[in-house]
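Trainee: This structure is in structure tokens; I'll ask about it shortly.
The values are calculated or read from the model by the stated rules, or taken from the named source; none is laboratory data. Keep in mind it's a predicted model, so treat the numbers as computed, not measured. All Cβ positions, glycine included, derive from the backbone under ideal geometry; neighbour counts span all protein chains shown. The area values use the complete protein model at the heavy-atom level, side chains included, leaving out ligands, DNA and RNA. Shrake-Rupley method; radii C 1.70, N 1.55, O 1.52, S 1.80 Å.
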Amino acid sequence: GLQFPGACSALGFQRYMHKYGVTNEDLGHLVVQQRAYAATNPNARFFGKPITLADHQNSKWIAEPVLRLFDCCQETDGGVALIVTSRERARDLKGEHVRILGSAFSMPCNTEPLTSYYTDDPIIMREAEIVAGRLYESAGVSPRDIDVALLYDAFTPEVVRQLEAFRFCGPGEALDFVKSGACAIDGELPLNTNGGLIGEAYIHGLNMVTEGVRQLRGVAANQRKGAELVLFSSGNAAVILARD
């Protein structure tokens, strides 16, 4: 039964796999990329511990045929502190601040925080699609302007759905997008450059926001050269941060 969040994530994604011919091995490429970032991030739980696709495929099933152990985020004890204030006040503070360029939230009818399987089409993340439209409009930018994407990765299917919902690629194209190398540090869209919740730590996504700040300050462990805009999404909410 649906006794834990991973099963909820897997249920809707199984239909996606059937429609687009995707397998768990395809998801493994995403995990290998994120663990590669974690392996070079001293703050990460899996610092110095990259994995291969074979390692991913040899990890135990959690919700077959969708999720293996390495497709799931960690259990983590930790904390994150964020200071949000006006630009005027920030100018009086020490350190290099970044700007909140835009933000958006959506919770459509029949959508739950962890699932979309009560919606008309459980393959897509409808709430993220709505958020994407509002977010890009409020920030005055497009997907092509984003330098780094930080997408909530409690489970790998959620990253796939967000890549498509935020228009970084077309429907059914997310995993081919990852396989192409687009999400590497020198690729089209560096993704979860701290290792994500899977590779760095699970602190309810807030450590992804701090990674965005580091990218814009130019001090991230896996730094995207010249990063100007960073998008962070938790699925039903998102923010674009900008170098000020």
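Trainee: Check every one of the helices (runs of 4 or more DSSP H) wholly within the range 44-162 and list those with 2 or more residues that are of a type in the set (S, T, N, Q) and either at pLDDT below 95 or over 29 Å from GLY226 (Cα atoms) (or both).
Mentor: Values: elements: 53-58, 87-90, 126-139.
Helices (runs of 4 or more DSSP H) meeting the threshold: 53-58.
Trainee: In addition: Inside the range 144-181, can you point out the residues that are without any contact (Cβ under 8 Å) to a residue 60 or more places away in the chain and within 17 Å of GLN215 (Cβ to Cβ)?
Mentor: Correct list: PHE168 only.
Trainee: Quick one: would you say ALA7 is farther than 26 Å from LEU231 by Cα, open to solvent by less than 50 Å² (accessible area, probe 1.4 Å), out of contact with any His (no Cβ under 6 Å at 6 or more places or on another chain) and aliphatic (A, V, I, L, M)?
Mentor: Working: farther than 26 Å from LEU231 by Cα: yes; open to solvent by less than 50 Å² (accessible area, probe 1.4 Å): yes; out of contact with any His (no Cβ under 6 Å at 6 or more places or on another chain): yes; aliphatic (A, V, I, L, M): yes.
Spelling it out, ALA7 is indeed farther than 26 Å from LEU231 by Cα, open to solvent by less than 50 Å² (accessible area, probe 1.4 Å), out of contact with any His (no Cβ under 6 Å at 6 or more places or on another chain) and aliphatic (A, V, I, L, M).
Trainee: Would you be able to say whether some residue in the range 19-40 is part of a loop (DSSP other than H, G, I, E, B), of a type in the set (Lys, Arg) and within 18 Å of GLY199 (Cα to Cα)? Can you show your working first?
Mentor: To start, the set of residues in the range 19-40 that are part of a loop (DSSP other than H, G, I, E, B) comprises 21-23, 40.
Keeping just the survivors that are of a type in the set (Lys, Arg) gives none.
No, the range 19-40 contains no residue that is part of a loop (DSSP other than H, G, I, E, B), of a type in the set (Lys, Arg) and within 18 Å of GLY199 (Cα to Cα).
Trainee: Mind telling me which of the residues GLY196, GLY212, GLY235 ends up being touching a residue at least 24 places away in the same chain (Cβ under 8 Å), closer than 26 Å to MET125 by Cα, open to solvent by less than 10 Å² (accessible area, probe 1.4 Å) and touching a strand residue (DSSP E or B) at 6+ places or on another chain (Cβ under 6 Å)? If you could, list the steps in order and put the result at the bottom.
Mentor: Numbers: GLY196 fails: touching a strand residue (DSSP E or B) at 6+ places or on another chain (Cβ under 6 Å); GLY235 fails: touching a strand residue (DSSP E or B) at 6+ places or on another chain (Cβ under 6 Å).
Result of the check over GLY196, GLY212, GLY235: GLY212.
Trainee: Moving on to the next point. Got at least one residue in the range 127-148 being open to solvent by less than 20 Å² (accessible area, probe 1.4 Å), touching a Cys at 6+ places or on another chain (Cβ under 8 Å) and among the β-branched types (Val, Ile, Thr)?
Mentor: Step one: list which residues in the range 127-148 are open to solvent by less than 20 Å² (accessible area, probe 1.4 Å), which gives 127-128, 131-132, 135-136, 139, 146, 148.
Filter once more, keeping what is touching a Cys at 6+ places or on another chain (Cβ under 8 Å): none.
No.
Trainee: If you take the residues in the range 17-48 that are under 20 Å from the mean Cα position of the chain (by Cα) and more than 22 Å from ALA149 (Cα to Cα), which one is most open to solvent (accessible area, probe 1.4 Å)?
Mentor: Of all residues in the range 17-48, those under 20 Å from the mean Cα position of the chain (by Cα) come to 17, 22-47.
Filter once more, so that each one left must be more than 22 Å from ALA149 (Cα to Cα): 17, 22-25.
Working: MET17: 19, VAL22: 19, THR23: 67, ASN24: 9, GLU25: 86 Å².
Only one residue fits best here, namely GLU25.
Trainee: Look at the range 7-27 and say how many of its residues are under 21 Å from GLU75 (Cβ atoms) and touching a helix residue (DSSP H, G or I) at 6+ places or on another chain (Cβ under 8 Å).
Mentor: 3
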